[in-house]
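The values are calculated or read from the model by the stated rules, or taken from the named source; none is laboratory data. Every value quoted in this text rests on a predicted model; they were computed, and no experiment measured them. Here the Cβ is made from the backbone with ideal geometry for all residues, glycine too, and neighbour counts use every protein chain on show.
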Amino acid sequence: MFGLDKKDASLLLIVAALVAFAPFLLNPFPEGSAMAQFNAGYPDLMQRFVIFGIFAIGFNILFGLTGYLSFGHAAFLGVGSYAAVWMFKLLSMNVLPAIILAVITSGIFALVIGYVSLRRSGIYFSILTLAFAQMSFALAYSVLTPITGGETGLQLALDDPRIFGSATTAEGNIPVPGLFGLEMRDSSELVLGNWVFTFNVGYYFAAIVMLLSFYLAIRIFRSPFGMMLRAVKSNQQRLNYTGLNPRPYTLAAFVISGMYAGLAGGLMASMDPLAGAERMFWTASGEVVLMTILGGVGTLIGPVLGAGMIKYMENIISKINSDILHGWFAFLPDGLEDLVVTMIYPFIGKGWHLTLGIVFMLVVIFLPGGLVEGGQRVAKLFGRKKTDEPKSAKTEPAE
Amino acid sequence: MDAIILQILNGLDKGSAYALIALGLTLIFGTLGVVNFAHGALFMIGAFCAVTLSRLLSLSHEVAIPGQTDFLGNPATRDVPYVFDIFGETVGASIIDWAVPLSILFAIPIMILVGVVMERGLIKHFYKRPHADQILVTFGLAIVLQEIIKYYYGANPIPTPAPAAFTGSFDFGAVIGFDPNTIIYPYWRLVYFAFAAVIIGAVFAFLQFTTFGMVVRAGMADRETVGLLGINIDKRFTIMFGLAAAVAGLAGVMYTPINSPNYHMGMDFLVLSFVVVVVGGMGSLPGAVLAGFLLGILESFASMREVIDIIPGINQVIIYLVAIVILLTRPRGLMGRKGVMED
């Protein structure tokens, strides 16, 4: 199906099903119950799951296949966002031209940076990309303020030209991004008993884009080109000796993964039409590294899982405060309750980064293949039949 | 002319910090071959050693003031630090005043301990793994350390003043024959530069003139042969890691009066000091020092108004530009050994 073998096709179908039913799956707890705060089925967060999924899939094409660790990938995401917002300002509020321009701009950007950075490998490559990204961040923050909006970020205004659209809505407000009349922030709700499920146009649009880019990633992984990239990772010298120049392949991988990042940036701007320089800061680049490693580098589904897990932690675990903890452990005797709460407290709420750091270190130390490898090991423990090809062993979402 | 001297002076203190951090980084790379992304966190821990000591010294208890009552009629009290009880009022007050320099003594054992624990507990297991794994695990460690500090000390910068004797500025221009008030330079920055020079000198002297240092240098050149001669080189390298951590920590301690420490100061310095190491040459100690001062001074020249007017934004990117040019034209860095990490 679609030029995929049976295993990949079923993986794609499972992901498609999960993404399509995410509003149900992520809302397992009824409204108003004590567990309702763990529901992740609200549009804003679901959009972030798929958008960062795209970002991580793209990063994985570079790092997972070629082994080049870029520490400056957020720059492409930032460039994509800026490009998309400029399209909203100049052209119209339709998201399609905005996203297309975002992908093209970040592709060109990646071509320039990649051409220079890929002259070196290993840690030098990491530092070169880091230097370029920090430069872009610093420039976007200071000198390029007319283009980027500087510290306040790039925002839409009432007096933007918008040649093909209307500058203002009938009520005199700034119009919202949409796709041929469908507004990205439109949602419809489905109430079933105590459960409330939200279906958001923007989410489904982003989800379709994500499925397309996931499909493309599978094709790249299984193509001769992907095989070439893996050859770069496993032994570049041997590749040189066989008379092949690895540079065009790595550059192509770099540009593709930069375009993925630009696509994610463009989508981000389509959901919420602003762009700020902080999206390009090097810790943002570090975040996508965390996502990819956490999920499983070099695997197809891993980066998406990692992105989902980190965004879930960022939005849900960070909301837990000490009152909620006290509520959970109320069944314990008073002294013990306080002790347990004090012990857990540093890891939740504002301290979720600490949990993230520890989990990340544990994964790097013990599970270099990330969650996917963990899933495979667990699967191996329970059933011996699935030992031959474990690529799709883990299918449940991280949430 | 005076503007140029002023910019050189301004570059010195930042350059000293870069040089000290980069020195430790390159020491670790040269000895253990590990790329330590947690080195900025060590700098930050050092700064928080100073914060901790100054808090410990000002721990106080309430003492009733005889014959006075507050507006509710209770006996009025005032806080008296414990150091006053031990050393008397005047000595106690100056101890509190000198908390930052005293933290040097406090920080050295702590930083060496932190460094040794880090090396034995974590980094030891990563010698055989690729550089990417080392970067990732130390990056994770940096996040963890920074979050622990944030949990205990909060997210806001904590002002930690220098001793009163060093708080003013001094008129450097008048000393070397310019008009008064043309070159004004804070005392503490001068102290910082002198301190950095002493530390750098001490590290070099230690490596050059002691038997221990000789063995370490031999190990950097050829680890295997030194091991075959019956020397336990791993143990010495562990100690060098502790030493590198102490250098970074001391850089942090003395930096607190210049910039109030906060939990992400390590990450802020990390990227720049990596760039410094790369410019100087991975594993080259003199290169790290040279590049640290060079880039610090370049940065302060680039932030002169006249320069910014010609090339806007140059002050933000000059360091990265230099690094990119160096990496592309001379990948082993200014003073790197031929053949080390040149690909």
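Among the residues of region A:352-365, is any of a type in the set (A, V, I, L, M, F, W, C), farther than 30 Å from A:Arg219 by Cβ and either more than 14 Å from chain B (Cβ to nearest Cβ) or not in a helix (DSSP H, G or I) (or both)?
Within region A:352-365, not a single residue is of a type in the set (A, V, I, L, M, F, W, C), farther than 30 Å from A:Arg219 by Cβ and either more than 14 Å from chain B (Cβ to nearest Cβ) or not in a helix (DSSP H, G or I) (or both).
Among the residues in region A:209-225, are any modelled with pLDDT of 90 or more and more than 20 Å from A:Gly298 (Cα to Cα)?
Checked against the condition, which is being modelled with pLDDT of 90 or more and more than 20 Å from A:Gly298 (Cα to Cα), region A:209-225 yields at least one hit.
Which of the following residues is on the phi > 0 side of the Ramachandran plot and of a type in the set (Phe, Trp, Tyr): A:Phe24, A:Phe76, A:Phe2?
A:Phe2
Pick out the one residue from B:Phe126, B:Phe166, B:Phe139, B:Phe172 that is touching a strand residue (DSSP E or B) at 6+ places or on another chain (Cβ under 9 Å) and more than 19 Å from B:Pro257 (Cα to Cα).
The match here is B:Phe172.
Confirm whether B:Ala41 is closer than 29 Å to A:Phe63 by Cβ, touching a residue at least 60 places away in the same chain (Cβ under 8 Å) and within 14 Å of chain A (Cβ to nearest Cβ).
Spelling it out, B:Ala41 is indeed closer than 29 Å to A:Phe63 by Cβ, touching a residue at least 60 places away in the same chain (Cβ under 8 Å) and within 14 Å of chain A (Cβ to nearest Cβ).
Evaluate region B:1-10: report whether one residue or more is of a type in the set (D, E, K, R), in a helix (DSSP H, G or I), more than 29 Å from B:Met220 (Cβ to Cβ) and at pLDDT 80 or above. Give the steps one after another, and end with the answer.
Applying the first criterion (of a type in the set (D, E, K, R)) to region B:1-10 yields B:2.
In the following step, the residues that additionally are in a helix (DSSP H, G or I) were identified as B:2.
Applying the additional criterion that residues be more than 29 Å from B:Met220 (Cβ to Cβ) yields B:2.
Narrowing the set further to residues that are at pLDDT 80 or above leaves none.
Within region B:1-10, none of the residues are of a type in the set (D, E, K, R), in a helix (DSSP H, G or I), more than 29 Å from B:Met220 (Cβ to Cβ) and at pLDDT 80 or above.
Could you grab me the full set of residues in region B:272-309 that are free of Cβ contacts under 8 Å to residues at least 24 places away in the same chain and among the aliphatic types (A, V, I, L, M)?
B:Ala302, B:Val307, B:Ile308, listed by residue number.
Would you be able to tell me the number of residues in region A:209-255 that are among the charged types (D, E, K, R) and outside any helix (DSSP H, G or I)?
0
Would you pick out the residues in region A:122-145 that are hydrophobic (A, V, I, L, M, F, W, C), more than 7 Å from chain B (Cβ to nearest Cβ) and not in a loop (DSSP other than H, G, I, E, B)?
Result: A:Phe125, A:Phe132, A:Ala133, A:Phe137, A:Ala140.
For region B:296-343, which residues satisfy the criterion of being buried (at least 20 other Cβ atoms within 10 Å of the Cβ), outside any helix (DSSP H, G or I) and at the interface with another protein chain (Cβ under 9 Å from one of its Cβ atoms)?
B:Met341 - this is the single residue of region B:296-343 that is buried (at least 20 other Cβ atoms within 10 Å of the Cβ), outside any helix (DSSP H, G or I) and at the interface with another protein chain (Cβ under 9 Å from one of its Cβ atoms).
Kindly indicate whether any position in region A:118-127 is small (Gly, Ala, Ser), crowded, with 24+ Cβ neighbours inside 10 Å, closer than 21 Å to A:Ser285 by Cα and modelled with pLDDT of 90 or more.
We begin by selecting, within region A:118-127, every residue small (Gly, Ala, Ser); these are A:121-122, A:126.
Next, from what is left, pick out any that are crowded, with 24+ Cβ neighbours inside 10 Å: A:126.
Filter again for closer than 21 Å to A:Ser285 by Cα, leaving A:126.
Now drop any that are not modelled with pLDDT of 90 or more, which leaves none.
Within region A:118-127 (the criterion being small (Gly, Ala, Ser), crowded, with 24+ Cβ neighbours inside 10 Å, closer than 21 Å to A:Ser285 by Cα and modelled with pLDDT of 90 or more), the answer is no, since none of the residues qualifies.
Need pairs with beta-carbon distance below 6 Å; first residue at pLDDT 85 or above and within region A:132-143, second outside any helix (DSSP H, G or I) and surrounded by fewer than 23 Cβ atoms within 10 Å (Cβ to Cβ); sequence gap 6+ or separate chains.
A:Phe137/A:Phe281; A:Leu139/B:Gly313
Of all residues being within 14 Å of chain B (Cβ to nearest Cβ) and not in a helix (DSSP H, G or I) in region A:25-73, which is nearest to A:Ala231 (Cα to Cα)? Just the residue, please.
A:Gly67
Exactly one condition in (1) at pLDDT below 80; (2) closer than 19 Å to B:Tyr192 by Cα is false for B:Phe293; which is it?
(1)
In region A:27-76, how many are without any contact (Cβ under 8 Å) to a residue 40 or more places away in the chain and in contact with a Leu (Cβ under 7 Å, 6 or more places away or on another chain)?
Residues that pass the stated criteria total 1.
Restricting the search to region B:1-11, which residues are farther than 13 Å from B:Ser303 by Cβ and touching a Gly at 6+ places or on another chain (Cβ under 7 Å)?
B:Asp2
Take A:Arg119 and decide whether it is charged (D, E, K, R), in contact with a Lys or Arg (Cβ under 9 Å, 6 or more places away or on another chain) and within 14 Å of chain B (Cβ to nearest Cβ).
Here the answer is yes, as A:Arg119 does meet what is asked.
Residues A:Gly374, A:Gly306: which one is farther than 24 Å from A:Leu130 by Cα, assigned to a helix (DSSP H, G or I) and of a type outside the set (S, T, N, Q)?
Exactly one residue qualifies, and that residue is A:Gly374.
Got a sec? Which of B:Met304, B:Met282, B:Met254, B:Met267 is out of contact with any Cys (no Cβ under 8 Å at 6 or more places or on another chain), at pLDDT 85 or above and of a type in the set (A, V, I, L, M)? Walk me through how you get there before you give the answer.
Numbers: B:Met304 fails: at pLDDT 85 or above; B:Met282 fails: at pLDDT 85 or above; B:Met267 fails: at pLDDT 85 or above.
It is B:Met254.
Condition first: in a loop (DSSP other than H, G, I, E, B), away from chain A (no Cβ under 11 Å) and of a type in the set (Gly, Ala, Ser). Can you find one or more residues in region B:282-295 that meet it?
Going residue by residue through region B:282-295, those that are in a loop (DSSP other than H, G, I, E, B) are B:282-284.
Remaining after also requiring away from chain A (no Cβ under 11 Å): B:283-284.
This time we only want the ones that are of a type in the set (Gly, Ala, Ser), so: B:283-284.
Checking region B:282-295: at least one residue is in a loop (DSSP other than H, G, I, E, B), away from chain A (no Cβ under 11 Å) and of a type in the set (Gly, Ala, Ser).
Which ones in region A:265-318 are more than 26 Å from A:Thr148 (Cβ to Cβ), surrounded by 24 or more Cβ atoms within 10 Å (Cβ to Cβ) and of a type outside the set (A, V, I, L, M)?
A:Thr292, A:Gly295, A:Gly296, A:Thr299, A:Gly302, A:Pro303, A:Gly306, A:Gly308
Restricting to helices (runs of 4 or more DSSP H) lying wholly in region B:106-219: which have 3 or more residues that are in contact (Cβ under 8 Å) with a residue 24 or more places away in the chain and surrounded by 21 or more Cβ atoms within 10 Å (Cβ to Cβ)? Step through it out loud before you land on a result.
Details: elements: B:131-153, B:172-175, B:187-209.
In region B:106-219, B:131-153, B:187-209 are the helices (runs of 4 or more DSSP H) which contain 3 or more residues that are in contact (Cβ under 8 Å) with a residue 24 or more places away in the chain and surrounded by 21 or more Cβ atoms within 10 Å (Cβ to Cβ).
Which ones in region B:258-271 are surrounded by 23 or more Cβ atoms within 10 Å (Cβ to Cβ) and either part of a helix (DSSP H, G or I) or more than 14 Å from chain A (Cβ to nearest Cβ) (or both)?
B:Pro261, B:Met265, B:Gly266, B:Phe269, B:Leu270
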